[in-house]
1. Please find, among ARG224, ARG263, ARG247, the residue that is more than 20 Å from the chain's Cα centre (by Cα) and of a type in the set (Lys, Arg).
2. Hey, among SER164, SER207, which residue is in contact with a helix residue (DSSP H, G or I) (Cβ under 6 Å, 6 or more places away or on another chain), among the small types (Gly, Ala, Ser), part of a helix (DSSP H, G or I) and over 30 Å from PRO327 (Cα atoms)?
3. So is GLY341 part of a loop (DSSP other than H, G, I, E, B), of a type in the set (Gly, Ala, Ser) and free of Cβ contacts under 8 Å to residues at least 40 places away in the same chain or not?
4. Looking only at the range 163-192, count every residue that is of a type outside the set (A, V, I, L, M) and within 16 Å of ARG7 (Cα to Cα) and tell me the total.
5. Of the numbered conditions (1) under 24 Å from LEU326 (Cβ atoms); (2) not in a strand (DSSP E or B), LEU292 satisfies every one except a single condition; which is it?
6. Using the structure shown, decide if LEU315 is in a strand (DSSP E or B), within 23 Å of PHE268 (Cα to Cα) and touching a strand residue (DSSP E or B) at 6+ places or on another chain (Cβ under 7 Å).
7. For the range 103-116, enumerate the residues that are part of a helix (DSSP H, G or I) and surrounded by fewer than 17 Cβ atoms within 10 Å (Cβ to Cβ).
8. So, restricting to helices (runs of 4 or more DSSP H) that lie completely within the range 14-98, which ones have at least 1 residues that are out of contact with any Pro (no Cβ under 6 Å at 6 or more places or on another chain), of a type in the set (Lys, Arg) and assigned by TED's automatic domain parsing to the domain that holds ARG159?
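The values are calculated or read from the model by the stated rules, or taken from the named source; none is laboratory data. This structure is a prediction, so every number in the text was calculated from the model and none was measured. Here the Cβ positions follow ideal geometry from the backbone for every residue, glycine too, while neighbour counts run over all protein chains shown.
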Amino acid sequence: MPGVLRRLGAVQLDTISVLARSHELVAYARLGPVGRHPVEAAYWRRPDEDGPARTFEYWSHAACVLPVEEWPAFAFRRRAYRRRGWRWHEVPDNACAGVLDRLRADGALTATDLGGAKRGGPWWDWSEVKIAVEWLLDLGEVVCVERRGWRRVYDLAERALPASVLHADPDDDACVRRLVRVAGRALGVATVGDLADYHRLTRSMVSGVVPDTGLVPVAVQGWREPAWADPEALELAADGGPAGRHRTTLLSPFDSLVWDRRRTLRLFSFTHALEAYKPRPARRYGYFAMPLLVGGRLLGRVDPARTGRTLVARLVSVESRPRAALPGVARALREAAEWTGCHDVAVERVEPAELRGPLVAQVAALR
């Protein structure tokens, strides 16, 4: 899993959990049904583990977990927050000093340990302590060293991070060059807009540094914009691509393979949108519809749920070569069920509807 994180450069975090949380699904999609505890241990330091942190959480594409060696590359963003003076909430006077004093005296703590995360209202109605500790995380003075019940555990950056990254202070151009290089390696081939979206940079920032990143200018058939390619990806393509290494799996809607909707459409002719925040009547594919990856292609979606020890596919929609895709769909459903501890798979609806019977039969045959 550490290798996957380094290869991707960032894994997005989200509170939604259907089959599992998104960061677990990202590992599962690439590594198969590995144990969930080893995945968690790779993302965050265990409570009984000594030594510096291997990862940190920060604002990349969104809230992401990142390899600790990329800490210096986000110095430009930490400096920008400091100049701005706030992110979401106005920071109360003296609250930061109090949080730092507690962490120095008592070690790593949650917001609840520090005095409470909320004032009693909606989720964004943060307490002064929560505002302060999140602001200190934005500035890089504290880091999240683990998660307890999805709550962040904060510690002083000076205590948690390796000195080699803590004291590195690259200028803004060096930071952006590094992040563009990381994005290019993760994407393989990308336009300036793709590279900018990966870590939420601006197009002008990317354009100014991309010639100095080691990425190679290329033209991609059917793309309107020029592109840049990772040299290793070009070598792999010249050798015929990753033959025999395709996964058949369900993807988190927050997976970096599909998080840029325009790129997903351009690469796979596949329209993807998260509908969890839409009213139920407005949903076309379901609350947490997961793109279905079969043979290197996105062929449809599965809207999953769990009922006891049964994985329920509330809607399976197959758009491309639907009958030929059924064996892959069946394998993806059965593997996801086993990974999440389910004994059975129930298929409710299938589009096209005439494929429900054949899909149910193929899933049953894999039991």
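1. Going through ARG224, ARG263, ARG247 in turn, just one is more than 20 Å from the chain's Cα centre (by Cα) and of a type in the set (Lys, Arg): ARG224.
2. Going through SER164, SER207 in turn, just one is in contact with a helix residue (DSSP H, G or I) (Cβ under 6 Å, 6 or more places away or on another chain), among the small types (Gly, Ala, Ser), part of a helix (DSSP H, G or I) and over 30 Å from PRO327 (Cα atoms): SER207.
3. Yes.
4. 5
5. (2)
6. Yes, satisfied.
7. Those that are part of a helix (DSSP H, G or I) and surrounded by fewer than 17 Cβ atoms within 10 Å (Cβ to Cβ): ARG104, ALA105, ASP106, THR112.
8. Qualifying helices (runs of 4 or more DSSP H): 75-84.
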